[in-house]
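Scroll down for the structure; my scribbles are underneath it.
Nothing in this text is a laboratory measurement; each read-out follows from the coordinates by a stated rule. Every value quoted in this text rests on a predicted model; they were computed, and no experiment measured them. We place every Cβ from the backbone using ideal geometry, glycine too, and count neighbours over all the protein chains shown.
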Amino acid sequence: MERQWSRRRFMVYSLAATTLTVAAPIGCDSSTAEGAERADASARPGVLVTGDDEEMLVLEVTAANRVVVRLPRAEVGQGVTTAVAMMIAEELDARLADVDIPLSDARTRGNQFTGGSNSVGSLYGPARALAATARAKLVTAASRRWGLPARALWTKDTMVIAPDGRTATFGSLTEAAARITRPAVPTTPKPAARHKVIGKPTTRIDARDIITGKAQYAGDLNVAGAKPTVVARPPTIGGKIRAVDDRAARAMPGVRAVVRVAGGVAVVADTFHHAFKAKDALRITWAPGPLAALSDTAVRSRLRAAVPPLGAAPSGSTQVTGEFEFAFIGHSPMEVLTTVADVRADRAELWFSSQGPMFARDDIAAAVGLPASKVKVHVTRGGGSFGRRLNHDFALEAALVSKAARMPVKLMWSRSDDLRHGRMRPATHHRIRVSHKNGQVVAFTHALASANEGAVRDGARAQGGVTSALTRAGRGPSAGPVPSDSGLYNFGRLSGNWGSVELAAIPLGAWRSVDSGTTRTAEEIMVDETARSLGKDPVAFRRTTLRSKAVRAVLDKAASAGSWGRTMPAGHGQGIAVHEEYGSCVACLIEIDATDPKNPRVTRAVLAADVGIAVNPRGLEAQLMGATIDGISTVLQAGLHIDRGAIRESSFADFHYARQRHAPLRFEAHIMPSKGEPGGAGELGVPAAAGAVANAYARATGTKPRRFPLNF
């Protein structure tokens, strides 16, 4: 899906305004853009434009010489605001410090979906064209003011400069520039050879705000009258209330309301301290959820039985087989899920971090009985997501609590709430058979079964499969495993099939890299084992079977930089894996110390990635580093247990995500030079890192890992 945006034409036009405003449609066909209504706008005090940005990426220049672009994407720590600011600064010749990228409220039309690693790729063309048009208009305005040829002027540091040394800030020119319909200089973006900002390692534009506490998350907002709120939830997944005695809770100091909602009983109070104390005072009798008789052993057994048969192997071939189990995984973003909601009889307003705010608005409107036009969703920055904020169950709940309590609320899900009742990556079981003959792989078959959400959850639409948000955006579960149907390797006849196990009301969601995080991990393990069966080195075997030159290049780079094949002490090992997706590719080399097989430590990680033009190599390095930590966590130690219908884990004390002591002692990322348009990077590294960790562990211990996480 992400590659479709780059192939579509887009156009830039001026909005009717008293100051410079230019806009470009995002994620819509050119026919839609050309027929789009040109919206009227009027100036706000201190800001030179107020244009309608529905379905549009809009660039505003203010009197204070600020360049403002409201971003129709979520910023959840991935650095997309910095990447877009770099694109704008590049084409405008503005100082990066003069560019502001606030997040857009939920719109009524257009593409406002953050997922599928498509943000940078889909914004790259429109954002640059937008800024190039703005620059041309500003230069033309300056040329008219000074009576000089426009081609004799140049731009730098958010101002226009004349040959005689005169300067004019963009802010001082914006009113005149808004009246220009035919710029006197080209409006085309720069060629990559002239880039001074794009492609240069850059510190995040919001870094100082984040580390000083200035950055505002939903929990930091002070919305008038919004009271801290928490919810008492059932001990089992999907449990229901039988009876509630809330008299003691209602009598406690600071308590404003106690209301029932689908997920439990909500307490609204003056402070979170009062709310938690009152929640503990509730006396609730719960009916068990539909999975109360189910535990991990039964889930694994049902998944194994649901894997479709592999069919007959090619005659005369030798088989390399493997079965793999992957546990449920929680998203666990560092910022707990929080929503401020103010629902009234005739309107509603909410503040929360969302990767699909348009979907969220529509669902919230339906739930509270309002037309979507009466529901306003403000998108706040998110402290991590990894796919969790594709779903908006927490915001929907906040809206229902606010409506029932008849007051604004600030609802916070605790860490335990999200681990035990929030979204999870589905557990899966994989069966793979590689057939080789005369030294060549002649067939590759991968069948799997995945847990599937089997019923509509109260208060929300059905969320079947991986996630409704991805399905609505056109990226639902794959029809077959990756890359069996994409041909990453020259492995002869490729085939695969997919089964599912319905688990009523289990809350599933897209976790970073979605299906690839498990399918590709299992496949890269099998590539290693096939190489071993053929008596070949894993890197050399991949080199001779990979179809793509780009993938071979990142493999070679990672192997060379990581000194593949060097002598390792007993109990230590190297592992390698590759992945190709989102128009990008990556290779990961891992070194591991498994002298204590129950407490292995990754000591070194070397990654090489080709993502086309890397807008911000420093941001890409951070993404690859995070992906490596995800691979370490999910392969070695982090998973969720189901124990008689309940999630056992409740915090980072027992959900064993990698900490500093588990991180590689040495980490390096090599970004391959490229002239191609940007591909996806946010999820790219996870499958390669996970596969490399598993392969390193196998080589260090002489075992064949089959169940993940290994120490579960």
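When Lys and Arg each count +1 and Asp and Glu each count -1, what net charge do the other residues less than 15 Å away from residue 370, Cβ to Cβ, add up to? Present the calculation step by step, with values, prior to reporting the outcome.
On the way: positive: 344, 347, 361, 374, 376, 403, 406; negative: 342, 346, 349, 362, 363.
Local net charge: +2.
So for the chain: antiparallel DSSP bridges make up what percent, rounded to the nearest 5? Spell out each step's value before the answer.
Details: 84 of 117 bridges.
About 70 percent, rounded to the nearest 5.
In straight Cα distance, which aspartates and glutamates are under 16 Å from residue 437, not counting same-chain residues fewer than 8 positions off?
Hits, sequence-local ones excluded: 529.
Which order results if 543, 601, 493, 520 are arranged by neighbouring Cβ count within 10 Å, fewest first?
493, 543, 601, 520
Within 11 Å, Cβ to Cβ, of residue 500, how many net charges do the neighbouring residues add up to if Lys/Arg are +1 and Asp/Glu are -1?
Numbers: positive: 302; negative: 453, 502.
Local charge sum for residue 500: -1.
With a point put 7 Å past each Cα toward its Cβ, work out how far residue 438 is from residue 248 in nm, to one decimal.
It works out to 7.9 nm between the two label points.
Quick one: if you stick a label point 7 Å off each Cα along the C-beta vector at residue 711 and residue 188, how many nm between them?
Inter-label distance under the simple model: 5.8 nm.
Which value in nm describes the separation of the simple spin-label points at residue 659 and residue 203, placed 7 Å from the Cα toward the beta carbon?
Roughly 2.9 nm, to one decimal.
Which of (i) 206; (ii) 304; (iii) 158 is the computed volume of the Cα convex hull per residue in Å³ for the structure on display?
Label of the calculated value: (iii).
Of 575, 310, 244, which is farthest towards the positive pole of the chain's charge dipole, taken about the Cα centre with +1 and -1 on the beta-carbons of Lys, Arg and Asp, Glu respectively?
575
Using 1/(1 + (r/R0)^6) with R0 = 30 angstrom and r between the beta carbons of residue 196 and residue 563, what's the FRET efficiency to the nearest 0.05?
Numbers: r = 35 Å, r/R0 = 1.17.
For residue 196 and residue 563, the calculated efficiency is 0.30.
What FRET efficiency comes out for the pair residue 502/residue 154, r = Cβ-Cβ distance, R0 = 56 Å, nearest 0.05? Before the final figure, lay out the partial values.
Values: r = 64 Å, r/R0 = 1.14.
Result of the calculation: an efficiency of 0.30.
Estimate the FRET efficiency between residue 540 and residue 295 by the formula 1/(1 + (r/R0)^6), using the beta-carbon distance for r and 51 Å for R0, to the nearest 0.05.
Working: r = 44 Å, r/R0 = 0.86.
After rounding, the FRET efficiency stands at 0.70.
More than 21 Å apart: what percent of Cα pairs in segment 220-337 qualify?
Numbers: 4161 of 6903 pairs.
Counting every Cα pair in segment 220-337, those more than 21 Å apart make up 60 percent.
Net charge near residue 671: determine it from the other residues with C-beta under 14 Å of the C-beta of residue 671, scoring Lys and Arg +1 and Asp and Glu -1. All intermediate terms of the calculation are to be shown ahead of the outcome.
Values: positive: 200, 557, 618, 675; negative: 610, 621, 668.
Net charge around residue 671: +1.
List, in the order given, every pair from 156/200; 214/410; 557/598 whose Cα-Cα distance in the structure shown is over 21 Å. Before the final figure, lay out each step's value.
On the way: 156/200 17 Å; 214/410 19 Å; 557/598 31 Å.
Correct reply: 557/598.
Residue-wise, which Karplus ³J(HN,Hα) couplings in Hz belong to segment 156-173, taking 6.51 cos²θ - 1.76 cosθ + 1.60, θ = phi - 60°, and x for glycine or proline?
6, 6, 6, 8, 9, 10, 9, x, 8, x, 5, 9, 9, 5, 4, x, 6, 9
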